[in-house]
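Down below is the structure, laid out as structure tokens.
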Amino acid sequence: MTYRVSIYFKSFDNLYIHTSINKISIIKNYLDKKGKTNSLELLKKNQYSFFLLNKQKIKSAPKMINLPTLKKKFTVLRSPHIDKKSREQFEWTRYKKSLFLYFQNTSVLSLFLFLLKNSSFPGVQIEINIKHSTFCNPLQNTKRALLYFAPSRV
């Protein structure tokens, strides 16, 4: 069985999306490298401390798909009493990107979702769709999860 994981990102800053995609690709490459061993042994040994490594090189970074950005502009009066001509303009921009990952093993997929759940992505809203194919009907069953990671407080 193959599992396709679709991850959709929404954020007000494009840099947050790129850092979270970088972190997810580090997790995926680590699991692909360690996929031959038992994934439960990796959890017992606490070997997922690679989250702390920001300068880790990525061999095959998953390609991201840019979705359309949403821009809204607002005009506000500076003074409500007089001087209607003096106004301020603000712009609100929301960026969206998507990422597709493929897994062959159920235990590696569950470990990936566990690590994804326990990691922090401040300022990014993440939507995860999991589709799996069987021999009878390809990509029939779909599970959907919506995760929102608020900024971490230190």
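Restricting to segment 5-39, and then to whatever is surrounded by fewer than 16 Cβ atoms within 10 Å (Cβ to Cβ) and basic (Lys, Arg), can you tell me which residue is modelled with the highest pLDDT?
33
Among the residues of segment 52-85, which ones are assigned to a loop (DSSP other than H, G, I, E, B) and at pLDDT below 65?
53, 54, 55, 56, 57, 58, 59, 60, 61
Return the residues of segment 75-101 that are among the hydrophobic types (A, V, I, L, M, F, W, C) and either within 30 Å of residue 1 (Cβ to Cβ) or loosely packed, with under 10 Cβ neighbours inside 10 Å (or both); say none if nothing qualifies.
Passing the criteria: 76, 82, 90, 99, 100, 101.
Has segment 118-141 got at least one residue that is assigned to a strand (DSSP E or B), loosely packed, with under 12 Cβ neighbours inside 10 Å, at pLDDT below 80 and out of contact with any Phe, Trp or Tyr (no Cβ under 9 Å at 6 or more places or on another chain)?
Yes, that holds for at least one residue.
In the set 125, 104, which member is among the polar types (S, T, N, Q) and more than 16 Å from residue 3 (Cα to Cα)?
After ruling out the rest, the residue left standing is 125.
The values are calculated or read from the model by the stated rules, or taken from the named source; none is laboratory data. As the structure is a prediction and not an experimental result, all values here were calculated from the model. For neighbour counting, all protein chains shown are included, and Cβ atoms are generated from backbone atoms with ideal geometry for every residue, glycine included.
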